[in-house]
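Have a look at the structure below, then the notes.
Computed from the coordinates by the stated procedures, all read-outs in this text should not be read as laboratory data. Bear in mind the structure is a predicted one, so any value in this text is a computation, not a measurement. Glycine gets a Cβ as well: all are built from the backbone with ideal geometry, and neighbour counts include every protein chain shown.
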Amino acid sequence: MTQDANVSLVDRDRSGTVAIHEKDRRDAGHPLDRLLRPGRIPHIWCSGCGLGVVLTAYLKGIQKAGLDLDKVSIVSGIGCTGRTAGYINLDSFHTTHGRALPFATGLKLANPELKVTVISGDGDLFAIGGNHLIHAARRNVDMLVLCVNNFNYGMTGGQVAPTTPVNSKTQTSPYGCWEHPFNLPYVAAASGAVYVARWTALHARRLMESVAEAVKHPGLSFIEVISQCPTNFDRPNKGGEGIDLMHFYEKNTVVKNGSDPKEADIGLYTPIVCGKFVDIQKPTYDSCYANMCTMSKGGKK
């Protein structure tokens with residue numbers, strides 16, 4: 001809080017306590033107000049969920065990157081994370097389940113000047129949309145894919161997902177999940193993504209910095225964010241409330257920038273490897289597509 005007594009937003013009583021006038025608070029607004037749709041608030045996310053942190057980090061990240069916001073487009077699929085696009089006051093598309101990446105690819109090819117971001121969940125991007133993810137990475141489409149992984153299908157009640165750790169209890173695995181989950185950074189890197197990173201909902205500043213870096217990186221950038229889901233995943237697994245999971249991330253996260261994503265598997269409440277794993281350069285799909293169009297018209301590459 002500012003200590004300038006002449007600023008109208010604050011005042012002090014005789015004890016020296018700083019108070020904010022309610023009218024001035026309303027007039028001042030929120031630093032991200034112009035990037036949010038106030039008519040959609042309050043949001044539908046549960047108490048303790050990490051999605052609000054992810055949304056804030058993303059918006060601050062694109063601001064830090066200095067992007068022309070008139071040329072930023074957000075695409076999402078279905079699920080808790082998929083609702084993000086509806087809260088952002090930029091051109092956004094809330095698509096069908098699992099199909100965010102084909103929509104985003106078409107958007108980028110139709111208007112290569114756009115900075116396209118796909119924000120969706122682990123179920124949407126790696127279950128029904130998994131084939132689209134590996135091919136978008138293989139083609140190296142120029143976009144950022146921000147995947148929030150809460151280890152289950154949260155919006156539909158907490159069913160087992162491709163990311164659910166072994167031995168986890170969910171609505172559809174009441175005796176524990178025995179299927180080995182995807183290691184998302186490893187899948188993205190193996191498929192051809194040129195920028196791959198992972199953070200947790202606790203790492204808000206690192207996530208913001210990563211977003212600012214990734215949105216300017218040519219090609220398909222992939223960032224996984226591990227987020228708590230206290231309502232549908234952490235409750236049956238006795239992980240505690242949202243604040244308990246934040247403490248868990250604080251004590252059990254190991255940052256290993258440059259490490260092999262193959263070593264980034266996640267178990268049920270086991271240490272989490274975070275960091276920037278991949279940062280390489282190679283031709284983007286849209287640039288190759290533009291060259292092909294030029295050649296088809298008799299021009300030179």
To the nearest 20 debye, the stretch 159-301 has a Cα-centred charge dipole, built from +1 on Lys and Arg Cβ and -1 on Asp and Glu Cβ, of 520
Can you list, largest first and rounded to whole Å, the semi-axes you get for the stretch 244-301 by taking the square root of 5 times each eigenvalue of its Cα gyration tensor? 44, 11, 9
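Students often check this: by mean Cβ neighbours within 10 Å, which of 237-243, 195-201, 138-144 ranks highest, and how do the rest follow? Mind showing how you got there, number by number?
On the way: 237-243: 15.7, 195-201: 27.0, 138-144: 21.9.
Averaged packing, sorted descending, gives the order 195-201, 138-144, 237-243.
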With C147 itself left out, Lys, Arg at +1 and Asp, Glu at -1 over residues whose Cβ is under 12 Å from its Cβ give -2
For the chain: Kirkwood Rh in Å [reciprocal of mean 1/r, alpha carbons]: 20.3
Taking the Cα centre of the chain as the origin and placing charges on Cβ (Lys, Arg +1; Asp, Glu -1), which of A110, A57, G219 is farthest toward the positive end of the dipole? A110
Evaluate the Kirkwood expression for the hydrodynamic radius of the stretch 168-235, namely the inverse of the mean inverse distance over all pairs of different C-alpha atoms, and round to one decimal in Å. 14.0
Estimated dipole of the stretch 203-285 in Debye, rounded to 20 [Cβ of Lys and Arg +1, of Asp and Glu -1, Cα centre]: 120
For G86, what is the net charge nearby, where nearby means another residue's Cβ is under 11 Å from its Cβ and Lys, Arg count +1, Asp, Glu -1? +3
Where does the charge balance sit around V166 when Lys and Arg score +1, Asp and Glu -1, over other residues with C-beta under 15 Å from its C-beta? -1
Rounded to the nearest 0.05, what FRET efficiency do K238 and I44 give with R0 = 22 Å and r taken as the Cβ-Cβ distance? Could you check? 0.30
Mean Cβ-within-10 Å packing, highest first, puts peptides 116-123, 255-262 in the order 116-123, 255-262
With +1 on each Lys and Arg Cβ and -1 on each Asp and Glu Cβ, and nothing else charged, work out how big the dipole of the chain is about its Cα centre, in Debye to the nearest 20. 600
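Volume per residue, Å³, of the convex hull around the alpha-carbon atoms of the stretch 103-195? Please list the in-between numbers first.
Details: hull volume 8.3 nm³, N = 93.
Hull volume normalised by residue count: 89 Å³.
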